[in-house]
Amino acid sequence: MRDLEPEYSATGGVAAACAVLGVNAWSSKKSENSTDTVRLVPQAAAALDGAAQHAAAAVQLPVMSSNGAPLLIYRDANASGASRLSVAAACPQPLRLIFLDVDGVLNNHSYTPPDDATPSCDVLLPECLAELKVVLDTTGAHVVLSSTWRSEVEQRAKIVGTLEQMRPGCVVGQTPRDPSYRNHMRPVEIASFLDEPAVIEVTDSKDVIWCAVDDMDLIDQAEGLKKKHPSVWRLLPALKQTFVKTDKYTGLDSEIAKQIQHILNDPRASTTAQDDERTNDNTRGRKERAK
């Protein structure tokens with residue numbers, strides 16, 4: 001099945017996502033190979049998308065902008081107005097961050113709208129959301145949005161609301177948007193976020209493990225950007241260890257979820273990535289002094 005009638009294996013992940021969103025919209029059948037499958041019919045897809053929007057409206061969103069400009073680090077909407085990143089960093093465990101894309105990760109190619117589509121056309125697939133929820137629950141990770149969804153108010157509210165429904169407080173911010181608005185600049189945007197003073201203050205004081213999840217090849221992009229962007233040159237060794245690429249035709253599945261969990265739960269990841277960046281900084285410093 002294609003377009004609005006995709007078939008998925010009948011796993012607990014789908015049921016979990018439907019439960020999270022309050023929707024029971026699946027019909028079961030036997031496929032040609034006698035495997036139990038479930039089908040999301042067009043009416044169910046619309047209902048599920050509506051449920052996602054309802055879930056987003058039902059939670060308290062963080063403060064994501066100030067004077068019309070987006071905040072890179074979100075703030076709690078309560079009276080304290082605390083930095084979401086500072087609250088996350090206050091936990092004794094290492095801070096785990098996921099730089100999260102949406103299209104091709106939390107949906108797949110069949111659901112990814114054309115560039116000129118309106119935000120209302122965008123869909124978050126329950127199977128992908130369920131796998132992400134498993135990752136969030138097992139790792140305690142927090143999310144930094146790197147997706148283009150962060151640039152549209154309605155889309156941003158929808159994805160943040162859906163993630164907050166999974167675990168309140170899990171979204172801590174978003175990467176800056178490069179002035180060129182070109183998707184191939186994503187490694188620059190991730191590096192810029194990590195170079196933010198408030199982020200450096202956290203990474204200097206505790207172990208931080210991060211990974212980037214995207215359907216674009218961020219390593220290939222970074223290789224093409226590193227000569228003109230020193231920040232990407234410094235980022236690249238860590239990115240090679242912590243990047244997880246999804247298939248845009250399937251999105252975030254159980255295998256991708258396992259890869260993310262492996263990176264975020266590996267105690268060597270934070271030390272190795274930070275040591276690589278320090279090594280690059282030292283090497284560059286020696287080269288500059290030799291000139």
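The values are calculated or read from the model by the stated rules, or taken from the named source; none is laboratory data. Bear in mind the structure is a predicted one, so any value in this text is a computation, not a measurement. Heads up, the Cβs are rebuilt from the backbone with ideal geometry, glycines too, and the neighbour counts pull from every protein chain shown.
Just a few scattered comments:
- Scanning region 200-215 for residues that are within 20 Å of Trp233 (Cα to Cα), at pLDDT below 95 and among the small types (Gly, Ala, Ser) gives no hits.
- Checklist (1) farther than 21 Å from His109 by Cα; (2) in contact with a Leu (Cβ under 7 Å, 6 or more places away or on another chain); (3) modelled with pLDDT of 95 or more applied to Pro197, failing item: (2)
- Members of region 200-231 that are buried (at least 20 other Cβ atoms within 10 Å of the Cβ), without any contact (Cβ under 8 Å) to a residue 60 or more places away in the chain and either under 16 Å from the mean Cα position of the chain (by Cα) or under 30 Å from Ala90 (Cβ atoms) (or both): Leu218
- With respect to being under 13 Å from the mean Cα position of the chain (by Cα), under 20 Å from Arg75 (Cβ atoms) and of a type in the set (A, V, I, L, M), Leu163 fits the description.
- Inspection of region 182-194 identifies at least one residue that is free of Cβ contacts under 8 Å to residues at least 24 places away in the same chain and surrounded by fewer than 17 Cβ atoms within 10 Å (Cβ to Cβ).
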